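Following: one structure in structure tokens, then a few remarks.
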Amino acid sequence: MRIVGLLAVVVLLQGCSISQKVTPVVRKDMAELTVIENPAVKNTFLDALKKAVEEQGVTAHVGPAATTPEDYPYAMTYTANWTWDMALYLVYAEINVFEKGKEIGKAVYDSRRGGARMDKFINAENKVKELVGELFGGQQPDK
């Protein structure tokens with residue numbers, strides 16, 4: 001009976017996962033990019049994103065939501081969602097980088113299946129900084 005109980009706990013905990021996947025940008029001459037505004041996402045996310053990009057040595061401009069990645073030499077799109085579970089927390093974030101409309105990098109943080117895990121309660125600004133750091137691989141643009 002104990003084994004069945006232990007097995008049930010193990011199976012339940014396996015369903016509680018947080019994932020993060022980053023496909024880094026390989027950049028040659030990216031000195032600047034345009035972050036296309038997503039009005040469905042909190043402005044604080046955009047602010048953190050712009051700051052994190054600039055910490056990687058890339059000048060970030062904000063472009064209007066009505067534009068597309070094809071409108072810029074280098075562009076970035078993003079989405080982020082928060083949810084409530086004892087506190088409001090970032091549950092999902094996706095950041096995409098494009099060169100002339102072609103995706104060249106992507107970062108996704110997903111804690112939608114985080115369940116009972118307490119490490120889902122993260123500082124969103126720090127997570128953005130981490131994702132962008134991994135996305136750009138800590139590289140400085142070629143001069």
Residues of the range 27-40 satisfying the condition of being touching a residue at least 40 places away in the same chain (Cβ under 8 Å) and either in contact with a Ser or Thr (Cβ under 6 Å, 6 or more places away or on another chain) or not in a strand (DSSP E or B) (or both) = ARG27, LYS28, ASP29, MET30, ALA31, GLU32, ILE36, ASN38
With the condition kept exactly as written, say whether any residue in the range 38-46 is out of contact with any strand residue (DSSP E or B) (no Cβ under 9 Å at 6 or more places or on another chain) and within 15 Å of PHE98 (Cα to Cα).
-> no
Residue pairs within 7 Å by beta carbon, gap of at least six or interchain, first lying in the range 59-72 and touching a residue at least 12 places away in the same chain (Cβ under 8 Å), second in a helix (DSSP H, G or I) and loosely packed, with under 15 Cβ neighbours inside 10 Å, listed first then second, are ALA60/GLU54
Would you call ALA93 out of contact with any Gly (no Cβ under 7 Å at 6 or more places or on another chain), surrounded by 13 or more Cβ atoms within 10 Å (Cβ to Cβ) and modelled with pLDDT of 85 or more?
-> yes
For residues that are at pLDDT 60 or above and outside any loop (DSSP other than H, G, I, E, B), tally how many sit in the range 113-129.
-> 7
Can you pull out the residues in the range 15-37 that are surrounded by fewer than 16 Cβ atoms within 10 Å (Cβ to Cβ) and either aliphatic (A, V, I, L, M) or under 18 Å from GLY105 (Cα atoms) (or both)?
-> SER19, GLN20, LYS21, THR23, VAL26, LYS28, ASP29, ALA31, GLU32
Of residues in the range 38-65 being among the small types (Gly, Ala, Ser) and surrounded by fewer than 17 Cβ atoms within 10 Å (Cβ to Cβ), the one nearest to the chain's Cα centre (by Cα) | ALA40
Considering residues of the range 96-112 that are within 11 Å of the chain's Cα centre (by Cα) and charged (D, E, K, R) only, the residue modelled with the lowest pLDDT | ASP110
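The values are calculated or read from the model by the stated rules, or taken from the named source; none is laboratory data. Everything quoted here is computed from the prediction, not taken from an experiment. Virtual Cβ from ideal backbone geometry, glycine too; neighbours counted across all protein chains shown.
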